[in-house]
Amino acid sequence: MDNNGNFTIEILVVGMIIILILGIISFASEISQEKISKSVENNNIEKTISEVVDILINDPGTPINWEDFKSQRVGLAIINVDETVIPNSVSYFKLLELGRDYENLVTKRIFNNKFHSSMELIPYETSISSVKIGSNDVQTNNVFSVNRVVKCDFFKKYVICDFLNDGKCNHNHNQKDHSCNYFKVFKGNLKKTDYYLLLDDSEKLENKYSIDTTHFKSYNSKSISNTNIYLNNELKELFEGNETSSVVFIHFDKKDTKAVLVGVPKDFDKSKLKYNYFTTQTCDFVIKAWS
């Protein structure tokens, strides 16, 4: 074979090597591009979930009590009595309402049918059960999760008096030695509402409490035998004649008693009649989403 033939073969070999190298580069480029696209997609999902969480826990929704009406815009933030928003908060009843129509309110309206998702509220206080709403049907390992620390009110809307806050006392008890407060009760309310005194587990049960009114001040003190005290029978005894309402005073013989007076519906779940359920609690709020 002459020199021209050897040169031709060399050209072919070099060409094949170049084609092979270009093929490898192209293949590697495709893989890299796929990884980049996937990374962008994943980052968008995480960004979307993060934005959704931050909006939900800082927006009460429209109207602000939408859980009792048809919502125009959902949000989970708690509203104070002066209608100011508590940032980074979750209303227990709004969360439950969101769970009742999750597919429509969350999957369709918030995530525009792009993701499946779930939400979970996990209290730091272990005596309170966690709450999970949304889908449990996770069929992928590619699940994105965002967590925020929030305050939740649970059943605080049923609290009438909190004995950590000073109230008026018809005996002029010194609040350095007592915890006193008062409320107005209507006789008809006793038919549809159950009244309880709920005490924290840390309170010593040897303490005493008493109940009276402005015109009935000789009510004897009673020892506290448990952290859940049913009051309806005692309240009935305070009404005189044809009275339809009465101002009732409650006294504890201890300063800063961790106790609340609550009025709950007759069908209220009695297993949840615990002090911690009626006070604001710190929780983890977790949203998980997957496509």
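Derivation of every value follows stated rules applied to the coordinates shown; laboratory data play no part. Since the structure is predicted, the reported quantities are computational estimates derived from the model, not experimental observations. Because the Cβ atoms are built from the backbone with ideal geometry, glycine has one as well, and the counts that use them run over all protein chains shown.
Translational diffusion of segment 164-257, estimated by Stokes-Einstein from the Kirkwood radius over alpha carbon pairs at 20 °C in a medium of 1.002 mPa s, is 155 µm² per second. Our estimate of slack between D166 and N142, defined as 0.36 nm per intervening residue step minus the Cα-Cα distance, is 3.4 nm. So if we plug the beta-carbon distance of D284 and N242 into 1/(1 + (r/R0)^6) with R0 = 45 Å, what FRET efficiency do we get, rounded to 0.05? The pair D284/N242 has a calculated efficiency of 0.30.
If I take R0 = 41 Å and measure r between the Cβ atoms of T84 and N232 in this structure, what FRET efficiency does the formula 1/(1 + (r/R0)^6) give, to the nearest 0.05? Taking R0 as 41 Å, the efficiency between T84 and N232 is 0.75. Which of the residue pairs K47/K274; K132/K204; K70/K114; K176/K222; K157/K236 have a Cα-Cα distance greater than 28 Å in the structure shown? K47/K274; K132/K204, as the Cα separations exceed 28 Å there.
With a cut-off of 12 Å between beta carbons, the residues surrounding Y209 carry a summed charge of -2, where Lys and Arg count +1 and Asp and Glu -1. Going from the residue with the fewest nearby Cβ atoms within 10 Å to the one with the most, K192, K108 rank K192, K108. Each of F154, F144, F268 was scored by other Cβ atoms within 10 Å of its Cβ. Arranged with the fewest first, they read F268, F144, F154.
Summary of packing: across the peptides 57-67, 81-91, the per-residue average of other C-beta atoms within 10 Å ranks them, highest first, as 57-67, 81-91. Converting phi to 3J(HN,Hα) with the Karplus coefficients 6.51, -1.76 and 1.60 and the offset θ = phi - 60°, segment 61-69 yields x, 10, x, 5, 10, 4, 5, 9, 9 Hz in sequence order, with x at every glycine or proline.
For F183 and S130, what is the calculated FRET efficiency with R₀ set at 30 Å and r taken between the beta-carbons, to the nearest 0.05? So the FRET efficiency works out to roughly 0.40.
The slack between D269 and K222, meaning 0.36 nm per residue of separation minus the straight C-alpha distance, is 14.3 nm. When the alpha carbon gyration tensor of segment 72-175 is reduced to an equivalent ellipsoid, the three semi-axes, largest first, read 36, 16, 11 Å.
The charge dipole of segment 164-257, taken about the Cα centre with unit charges on the Cβ atoms of Lys, Arg (+1) and Asp, Glu (-1), comes to about 240 debye, rounded to the nearest 20. As a proxy for reagent exposure, ranking E51, E120 by other Cβ atoms within 10 Å from fewest up yields E51, E120.
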